[in-house]
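Comments concern the structure below.
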Amino acid sequence: MKKLWIILTYLVFAILLVAPLVKMTQSAFADGWSGFVESISRPEALHALMMTGLVVLCVTVLNGVFGIMTALYLVRGKWLGRRLRSVMNSIVDLPYAVSPVIGGLMIVLLVGPDTAIGAFFEKIGVNIVYAFPGMVIATLFVTFPLMVREIMPVLEEIGDDQEQASATLGAYGWTTFRRVTWPSIRWGVAYGAVLTIARSMGEFGAVLVVSGNIINRTQTATTLVYQDVENFNIAAAGGIALVLAAFSAGLLLLMEWTKKRREVH
Amino acid sequence: MQHVEVRGLDKHFGSFHAVKDVSFNIQKGHLIGLLGPSGGGKTSILRMLAGLESPDAGEILFHGKRVNELPPQERGIGFVFQNYALFKHMTVFENIAYGLKVQKTPKAQVRERVMELVELTGLKGFEQRYPQQLSGGQRQRVAFARALAPEPQLLLLDEPFAAIDAKIRQELRSWLRELIERVGITSIFVTHDQDEAIEVADEIMVISQGQVEQKGTPWDIYKEPATPFVASFIGESTQVEHAVKLHGFDRAAETAGTRALIRPEYVEVGRPIEFPLLSATEEGVVQHLHFRGSQWLVEVQVGDQKLITYRSLEKEPLQVGDPVRVMVHRAYLYNEQRSWIAENRFKVDPMSMMI
Amino acid sequence: MRLPAKITQTLSFVQVSKLEEDPVQTSWLRHKGWTYGFRTTVLLYFVVLIVLPIAGVYVYAFTDGWAPFWESISDPIAWKAVLLTLKLALIATVINVLIGTMIAWVLVRYRFYGRTVLNSLVDLPFALPTAVGGLMILLLLGPNSWVGGIAEKLGFDIVFHQPAIVIAMVFVTFPFVIRAIQPLLEEMDASAEEASYTLGASRAATFFRVILPQIAPGIAGGAMLAFSRALAEFGAVVLVAGNIPAKTLTASVFIYGEVESDNNLGAAAVSVLLLTLSLLILWFINRVQRRGGRA
């Protein structure tokens, strides 16, 4: 009985995860090594990868800073009041419930060129939608809960005894945060950051809607994969997808590592 | 007829030798306490009897039939777990009925039996509660009722009172004893609390480092401990390195390296006039006095040895620093070869002083 | 907690000089304005990024009142897309509950070769871009592939038909149920199971009567997360579905199509429908979790 279950488990993994991965690798190298290199060294491919990198960088930094602060305020911020905190706490999860396409649509509806805000920004020469800022905002929206939800349980678990002890020893807010709070939450932050990187690298729906998917301008790696498939250029799509998958594999290892470090405390 | 027979039981957990060649018999209807320090192998023995753990070597027989290969489902046992292991998602009624339901007992019969047990364990009115709505003592009762419901032949209890407040524990102990007597079921329980074992069990097995040190009635074990471990584990005692130096034990402890364990109740202290046989006493000085509610705990220095004893509140009070007479009635002596109980020779034979 | 000023002063004289690297420069750091500045910034960020966009969609969908909204969602293509999404997401969730429960059980209870690797692999769909997931499924099951060829001969159509959408949804939501059950299985008191055995219950009876009820909250929570994620899935689905209206057009792909054809109102209307559904599920998960936490 035990054997049967283990074999079945292996089978599910093989069919659902491993076989597709192998198949994709195969097709990326269908035209040999040169075909793979060619597909990823196209100018639009290089530009798309760069855009993805930039989005990931901006989103991870912004989401890290604001995620940590939001988590701190939600757990410790007595000035917010119980009710408001509980309402905000529920709102944090909303992006989980929103389809990425809808997330993108929201940004377009709010700051698109047809709206008052959009028109204002256009006047002062800043494009949001169909440009880099919009892509970052859309991705920020989608990834917002990841960081907050990783840190909040850690903060709740360690309690505020240590922080109060630090305060009685004469340390002010920033010192207490850096010396007492940060060491306990850093692996939670690291894990949240890895999740954010993975999600922002892979974000597709929201970015597709907001960016307009303009070649060599707002196209990211994932939207390029989509375009290649739509153009029946499957081999090229496979090349880019393989690069992304390789990054994902690296992130997966990082996830495991940070998860273990997190459990040490 | 022996209900339980165990022959040469052995169990390793990895490199840890938990149970070493353990053999014993248990008579039908007896209540046995497995007593010993934590990590001594008591629970492993109990779990092997239940079939939750399989022995590396040895035989377990119930009513003369080997049960080693039987799974726990078919051994006809009831098991009460240390933390009760009640099913959290079931009510008290459902918990107790579980064993009957899985045996496909007719509904009416299940109901009857459960209500009978609810009555017996004093849980009437709590049938529809969930375990988290009960107190520790009540959960304990549910655990008993659940284990008893399928009418097992043997009841196994793993530290049944460990998780209960000291106050209620006392009450539950006598309740359990009474209950088991009424049901008439052979029972084995594990405990590290000697008071509990002495109070509840018909017979105690003292277990240490995977071995049975002694098996006997609580009184036997208290009176005549078979090994130094039992002597030091049961009751309070003071260890004396050189038993020869004790007044009245010079001959008994002749063999070099003989040590003694002396219980407080073996020692008497007092003013010289309190002793009719002054020759059996020696001089000492009161070091400390502790008030213990119903009596004084007296620490007395005799030569280079400190002894502990109790003194009744009725007697004339002592002061720290008072010179007193000390009489050691009895001592548990042991050396590398053997161990035995010796009486103060001047007390037994006061005339020997004259010779 | 505030200390009397005098104590704080004394303490800071003793301690802070050691803690702070540069006591002279940090005085401006302690200005009250910083605290208020941070608080305002974070609150503003929160409102602008999360609250405003969601409210915006609802407002936009109803700007011209009920009639246009109703018209948009009563378009057969629109409501059929929503219904199809619901149906397929439900199927994917059921599949995930079954294989997820099995895998969580195997990964927690059995020790076998490759267990840790499989355990790490569970998160792969989280780490992998969904578009890449979609492409992988397309390549594996597509008409030119080995599997697709066999299926076609047998008369099954996978890619560009509903089965492919279900597979894509199962792939993307694969970790949810497993990760929800695993901690419950790990923390489960082994003695409850043993108690069941000593009371005469077989392995199967013990699983269904004792173990399953204890992991049920995890299964339910994981299933609802998987369901709401499957409802929302776009990247993997759009690549494999073929997107034929009323047949393989899911709600999120429909919304994308409306945006592309500049029909923002239609997109917003269906979005409101889908959003409301997801929000209800989210609210329900929160309630279930809170109840589970209390028990």
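Laboratory data are not the source of any read-out in this text; all were calculated from the coordinates shown. The structure presented is a predicted model; accordingly, all values stated were derived computationally and were not measured. Neighbour counts are summed over all protein chains in view; Cβ atoms, including those assigned to glycine, are modelled from backbone coordinates with ideal geometry.
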Listed residues C:THR248, C:THR41, C:THR116, most fluctuating in chain C (Gaussian network, C-alpha, under 10 Å): C:THR41
Run down the aspartates and glutamates and flag those whose C-alpha is under 13 Å from the C-alpha of B:LYS88, throwing out any fewer than 8 positions away in its chain. C:ASP189, C:GLU193
Quick check on the protein assembly as shown: what does the Kirkwood estimate of hydrodynamic radius come out to from the alpha carbon pairs, in Å? 33.9
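Sort A:LEU8, B:LEU31 by Cβ crowding within 10 Å, fewest neighbours at the top.
Arranged by neighbour count, lowest to highest, A:LEU8, B:LEU31 become A:LEU8, B:LEU31.
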Filter chain C for me: DSSP H helices, axial length by Cα at least 20 angstrom, mean Kyte-Doolittle hydropathy not below 0.5. List them by residue number. C:76-109, C:162-187, C:212-232, C:264-294
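In which sequence would A:SER99, B:SER15, B:SER135 go, from the one with the fewest C-beta neighbours within 10 Å to the one with the most? Provide the component values of the computation, followed by the final result.
On the way: A:SER99 27, B:SER15 5, B:SER135 11.
By the 10 Å Cβ count, ascending: B:SER15, B:SER135, A:SER99.
Which translational diffusion coefficient, to the nearest whole µm²/s, is obtained for the range C:132-207 from the Stokes-Einstein equation, given a Kirkwood hydrodynamic radius over C-alpha pairs, 4 °C and 1.567 mPa s? Write out the running numbers ahead of the final one.
Working: Rh = 15.8 Å.
The estimated diffusion coefficient comes to 82 µm²/s.
Per residue of A:216-227, how many C-beta atoms from partner chains lie within 10 Å of its own C-beta, taken as a mean?
Values: counts 0, 0, 0, 0, 2, 3, 7, 2, 1, 7, 6, 0.
If you average over the peptide's residues, the count of other-chain Cβ atoms is 2.
Need one value for B:173-185: mean number of C-beta atoms belonging to other chains within 10 Å of its residues' C-beta atoms. Mind showing how you got there, number by number?
On the way: counts 0, 0, 0, 0, 0, 0, 0, 0, 0, 0, 0, 0, 0.
Mean partner shielding for this stretch: 0.
Suppose only helical runs count, i.e. DSSP H with n ≥ 4. What mean residue ellipticity at 222 nm does that imply for chain C under -39500 (n - 2.57) per run, divided by all residues and rounded to the nearest 500 deg cm²/dmol? All intermediate terms of the calculation are to be shown ahead of the outcome.
Numbers: 16 runs with 212 residues, N = 295.
Value at 222 nm, helices only: -23000 deg cm²/dmol.
Looking only at other chains, what is the average number of their beta-carbon atoms within 10 angstrom of each beta-carbon in C:231-238?
Working: counts 2, 9, 4, 11, 13, 1, 1, 7.
Mean inter-chain Cβ contacts per residue within 10 Å come to 6.
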Which translational diffusion coefficient, to the nearest whole µm²/s, is obtained for the range A:156-265 from the Stokes-Einstein equation, given a Kirkwood hydrodynamic radius over C-alpha pairs, 25 °C and 0.890 mPa s? 144
Choice from B:GLY248, B:GLY29, B:GLY303 with maximal GNM fluctuation in chain B (Cα, 10 Å cutoff): B:GLY303
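Could you put C:ARG109, B:ARG7 in order, starting from the residue whose Cβ has the fewest other Cβ atoms within 10 Å?
On the way: C:ARG109 12, B:ARG7 15.
By the 10 Å Cβ count, ascending, the order reads C:ARG109, B:ARG7.
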Rg to Rh quotient for the range B:29-68, alpha carbon positions, Kirkwood Rh: 0.99
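Round to the nearest 0.05 the FRET efficiency obtained for C:ARG115 and B:VAL285 when R0 = 60 Å and r is the Cβ-Cβ distance.
The formula returns an efficiency of 0.30 here.
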Alpha-carbon Rg with Dmax, taken over the range A:34-132, Å: 19.0, 61
Against the 2.2 N^0.38 Å scaling, with N counting residues, where does the range B:220-280 land? I'd like the Cα-based Rg ratio to two decimal places. 1.27
Seen from all sides and averaged, what is the projected area of the convex hull of the Cα atoms in chain B, in nm²? 22.6
How big is the range A:156-203 by Rg and Dmax over its Cα atoms, in Å? 14.4, 45
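Can you show me the helix-derived [θ] at 222 nm for chain B, built from DSSP H runs with n ≥ 4 at -39,500 (n - 2.57) apiece and divided by the number of residues, rounded to the nearest 500.
On the way: 9 runs with 87 residues, N = 355.
When only DSSP H runs of four or more count, the value is -7000 deg cm²/dmol.
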With the Cα gyration tensor of the range A:89-222 in hand, give its eigenvalues times 5 under a square root as the equivalent ellipsoid semi-axes, listed largest first in whole angstrom. 37, 17, 13
Across 5 Å bins beginning at 0, the whole-percent shares of Cα-Cα pair distances in the range C:72-294 come to 1, 7, 12, 15, 16, 15, 12, 9, 6, 4, 2, 1, 0, 0
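Relative to the compact globular guide of 2.2 N^0.38 Å, what is the alpha carbon radius of gyration of chain A, as a ratio? Display every interim value, and only then the final one.
Details: Rg = 21.9 Å, N = 265, 2.2 N^0.38 = 18.3 Å.
With N residues counted in chain A, Rg over 2.2 N^0.38 Å equals 1.19.
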May I ask you to give the average projected area over all directions of the convex hull of the Cα atoms of the range B:238-353, in nm² rounded to one decimal? 7.1
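What length, rounded to one decimal in nm, is gained on full extension from B:ASN25 through to B:GLU178, with 0.36 nm per residue of separation minus their alpha-carbon distance? Kindly include the intermediate steps, with their values, before the conclusion.
Numbers: separation 153, 0.36 × 153 = 55.08 nm, distance 2.31 nm.
Gain on extension, B:ASN25 to B:GLU178, equals 52.8 nm.
At 20 angstrom or more along the helix axis (alpha-carbon based) and mean Kyte-Doolittle of 1.0 or higher, what helices does chain A contain? Whole DSSP H runs only. All intermediate terms of the calculation are to be shown ahead of the outcome.
Working: long enough: A:43-76 (49 Å, 1.52); A:132-158 (39 Å, 1.33); A:182-202 (29 Å, 0.54); A:234-264 (44 Å, 0.97).
What comes out of the filter, once short or polar helices are dropped, is A:43-76, A:132-158.
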State the volume of the convex hull built on the alpha-carbon positions of the range B:95-194, expressed per residue in Å³ and rounded to an integer. 106
The range B:1-149 pair-distance distribution - Cα-Cα, 10 Å bins, rounded %: 10, 33, 30, 22, 4, 0
Compute for the range B:163-313: radius of gyration divided by Kirkwood radius, i.e. Rg/Rh, restricted to C-alpha atoms, rounded to two decimals. 1.04
With 23 Å as the limit, write out which pairs from B:LYS28/B:LYS124; B:LYS245/B:LYS347; B:LYS245/B:LYS306; C:LYS87/C:LYS247; B:LYS28/B:LYS65 have Cα-Cα distances beyond it, or answer none. B:LYS28/B:LYS124
To the nearest µm²/s, what D does Stokes-Einstein give for the range B:148-207 at 20 °C and 1.002 mPa s, using the Kirkwood radius over alpha carbon pairs as Rh? 176
Per residue, how big is the convex hull of the range C:225-291 when only Cα atoms are used? Give it in Å³. 86
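What Kirkwood radius, in Å to one decimal, follows from the Cα pairs of the range A:1-79? Show your work: numbers first, answer last.
Details: mean 1/r = 0.0577 Å⁻¹.
Every distinct Cα pair counted, the radius reaches 17.3 Å.
Determine the calculated [θ] at 222 nm for chain A from helices alone, applying -39500 (n - 2.57) to every DSSP H run no shorter than 4 residues and normalising by the residue count; nearest 500 deg cm²/dmol. Each step should come with its number before you reach the end.
Numbers: 15 runs with 208 residues, N = 265.
Theoretical 222 nm ellipticity from helices: -25500 deg cm²/dmol.
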